[in-house]
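The values are calculated or read from the model by the stated rules, or taken from the named source; none is laboratory data. Computed from a predicted structure; not experimentally measured. Cβ: placed from backbone, ideal geometry, glycine included. Neighbour counts: every protein chain shown.
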Amino acid sequence: MNIRQAVKMAIKSILGKKGRSVLTMLGIIIGIASVMVIVSTINGANQQTLKQFEAMGTNKITVSAWLYNGQDVFEDLYAYCQQLSDYVDGVTPNAQLWGDINVVYGVKSSKAMQKNQENYSNGGGDGGVMELPPDLYLGSDQYSVCNNFQIEKGRDLSFLDIEKYNQVCVLGARAARNFFGYADPVGKRLSVNGLPFTVVGVYREKDPDSGWSQDNVIVFPYTVSRMLSPDTQIQEFSVKAKSAEAAVEATSRISAYLTGLVGQNGERGWGYVEDNNQWQQSSTEWATQMSLILGGIAAISLLVGGIGIMNIMLVTVTERTREIGIRRAIGAQRSSIVTQFLIEAAMLCGIGGIIGIAIGTVGTRIAGKFLVQMDIWPSPGITLGAFALSVALGVLFGIYPAAKASRLQPVEALRAE
């Protein structure tokens, strides 16, 4: 018997008992669909997390330091990082302005935006696009390099802006749209707690789909913090390394430098350094572990489905004993009997796998929308892997019934009722 004949006979057998075939496939369908939904959703959420890390800037090093005498740590850190030009692209304070700070342009104000946000959170509002108050940051002339921003209009903060305490600022794309609509904001003035600040540039949009957008920012020279918020203490800084390998070396060198600055035992202050690439690695490791754990739990139904396949194939062998005896009597080899039953088991699981993949794809789309608010599709690798797994299960659990069928003696088989 050739493969084509075996396939035709398998199709005839499956279609001949449709109800039983569907019930047999059910375990495979549920198992494949469950594994696909769980693994695809976790992987999709992890990819979104990694994209957010990338938007914030990869190969970043976070430095936290403070001297007890109140001396500006950043000046020393800035100078030291200039000496690490082979490893470091930039360094900036990573400080956010908090408190009662009102940004005003015309009839637009951050306080009004805050009230709208609070009203919406309490159940008010119409659910439309809401103008959120911007996040206010203090940065150096290298803030955009460290945080993965690019200038779209105007210019970036300069070293002279920092040195001369210039009352200037750069807007993120969302903040520019909230305050100025579609007008060009470059050259216009914002009032920040009554102080005029000239907009010198606008960053290119990099996070358009997020409600709490990274583009809804206003960046000021860190030296104007005493004008806007005298109580703000700048204790955290971001260093942008040239690569992941450079980040390791830069982390080691900056850590040694901080030890000299604050003292071996923290006599003059405190400080520590953290490579943010570790967060990305941890996120990927977590997603892998969760996929294995939850996917393994869902795969139990595949095992149950495989046992069901084996059971039905044993029943099929019993039902077709006389047919097997006739084939053996006219010279059919054991290998052809094994091939026939393995193809039938593989087709049964393969069809179940295709149905499970279709249901899993729909389930992944629904889970992405409602659980993680993302547009997720199963990857081609997961889809092909799920189909290959279903066929492999059919072959694996079909081996014993096929071997049993091939071992039937022709005389005994022909006597069977």
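Structure notes:
- Near pairs, Cβ below 6 angstrom, 6+ apart or cross-chain, from the range 87-105 (more than 20 Å from PHE149 (Cα to Cα)) to any residue that is aliphatic (A, V, I, L, M): VAL103/LEU190; VAL103/VAL192; TYR105/LEU190
- Looking across the range 1-37, just one residue is in contact (Cβ under 8 Å) with a residue 24 or more places away in the chain and of a type in the set (Lys, Arg), and that is ARG20.
- Just one of the listed residues (ALA241, ALA247, ALA173) is in contact with a strand residue (DSSP E or B) (Cβ under 9 Å, 6 or more places away or on another chain), closer than 13 Å to GLY154 by Cβ and surrounded by 22 or more Cβ atoms within 10 Å (Cβ to Cβ), and it is ALA173.
- Here the condition is being at pLDDT below 85, out of contact with any helix residue (DSSP H, G or I) (no Cβ under 9 Å at 6 or more places or on another chain), more than 15 Å from PHE220 (Cα to Cα) and among the acidic types (Asp, Glu); of GLU131, GLU75, GLU118, it holds for GLU118 alone.
- Among (1) surrounded by 15 or more Cβ atoms within 10 Å (Cβ to Cβ); (2) among the aliphatic types (A, V, I, L, M); (3) at pLDDT below 85; (4) part of a helix (DSSP H, G or I) - the single one LEU258 does not satisfy: (3)
- Matching residues in the range 194-238 - criterion: being within 21 Å of TYR80 (Cβ to Cβ) and buried (at least 20 other Cβ atoms within 10 Å of the Cβ): PRO221, TYR222, PHE237, SER238
- Pairs with Cβ under 7 Å, 6+ apart, first in the range 253-270 and under 13 Å from SER64 (Cβ atoms), second assigned to a helix (DSSP H, G or I): LEU261/ASP76; GLY269/VAL262; TRP270/VAL262
- The set of residues in the range 81-96 being buried (at least 17 other Cβ atoms within 10 Å of the Cβ) and either in contact with an Asp or Glu (Cβ under 9 Å, 6 or more places away or on another chain) or assigned to a helix (DSSP H, G or I) (or both) consists of CYS81, LEU84, TYR87, GLY90, THR92, PRO93, ASN94, ALA95.
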